Amino acid sequence: MMRQALIILTLLGLVPLPAKAAPATIPPTSKEELQAELSTREISIQSNFTGIEILIYGSIDFSQTEAPDTGTYDVITVIRSPSQPLVVRRKERVFGIWVNTPGHVFPAVPGFYAALSTRPFRAIASDQTLKELGIGIANLDFGQPPNDEVKEAQFRSAMIRLKKQQRLFQELDDGVAFVGRSLFRATVALPVNVPIGRYTADVYLFRDGELISKSLSTLEVSKAGFERTIYVLAFAHPLLYGLLAVLVAVLTGLAGWFAFRRE
């Protein structure tokens with residue numbers, strides 16, 4: 001009887017129907033995530049090596065470029081080789097002869113460094129952020145606290161100038177270009193004198209001066225073939241390398257003497 005009474009009251013609208021389950025809440029849009037890749041992960045240097053260009057490309061997952069309040073995206077790419085100690089010397093004229101004077105030692109100098117971006121660095125992020133991330137040649141830390149700031153600044157400036165002339169230090173504030181709303185690409189030229197080692201390629205995504213995502217890749221640059229044999233021999237067995245070099249020089253001299261001797 002109670003059940004029949006409830007049914008009648010429900011039909012008359014005196015008892016409300018059970019509420020339907022609320023639909024699942026749509027999760028908020030995920031935060032943008034940077035995806036980047038290199039056109040090659042390994043470079044072999046042989047005698048015919050004349051330099052190579054590396055393509056860096058990627059996309060922004062969950063891009064919100066269509067939203068009016070998302071701001072502007074900027075991408076900065078930094079490629080650098082392992083750091084090594086470097087001695088910078090100044091030449092001075094002594095008794096009419098140019099000689100190297102005692103120089104300045106920088107404990108950690110990358111053999112190769114390239115920074116590319118969509119806009120000038122300072123238009124993308126603050127000076128503090130750029131310095132913390134080591135973006136830009138001016139923000140590189142060479143691993144030594146300044147003792148004589150004036151002297152160190154002179155040697156640092158000279159070293160950077162020489163590295164730029166050798167194309168081992170590069171900066172391009174228009175080196176990264178967007179292809180569409182979320183795709184980007186950049187090209188880095190490695191010169192013929194590029195050092196070997198495991199390189200790192202850091203790609204940073206900024207929005208309105210704030211770092212929102214980062215991607216890290218590696219690149220292996222090594223010698224191959226006969227050049228690799230000579231390189232390993234020179235650094236792993238320097239004494240044997242020196243003896244072989246003297247032997248080759250003596251044999252070359254003897255061969256030239258026999259070839260061009262006068263009867």
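The values are calculated or read from the model by the stated rules, or taken from the named source; none is laboratory data. Computed from a predicted model, the values in this text were never measured in an experiment. Please note: Cβ atoms are built from the backbone with ideal geometry, for glycine as well, and neighbour counts cover all protein chains shown. Ligands, DNA and RNA are excluded from the accessible area calculation, which covers all protein heavy atoms including side chains. Shrake-Rupley method; radii C 1.70, N 1.55, O 1.52, S 1.80 Å.
Regarding Phe106, is this residue open to solvent by less than 40 Å² (accessible area, probe 1.4 Å) and either free of Cβ contacts under 8 Å to residues at least 24 places away in the same chain or aromatic (Phe, Trp, Tyr) (or both)?
So Phe106 fits the description; yes.
Looking at Val250, Val203 in this structure, which one is at pLDDT 80 or above and either over 23 Å from Ile52 (Cβ atoms) or not in a strand (DSSP E or B) (or both)?
Answer to the selection: Val250.
So which of Thr29, Thr40, Thr70 ends up being modelled with pLDDT of 90 or more, at negative phi and not in a strand (DSSP E or B)?
Thr40
Mind counting the residues in the stretch 126-141 that are in a loop (DSSP other than H, G, I, E, B) and over 17 Å from Thr200 (Cα atoms)?
Matching residues across the stretch 126-141 total 1.
Tell me, please, whether a residue that is at positive phi, open to solvent by 10 Å² or more (accessible area, probe 1.4 Å), basic (Lys, Arg) and in a loop (DSSP other than H, G, I, E, B) can be found in the stretch 159-167.
yes
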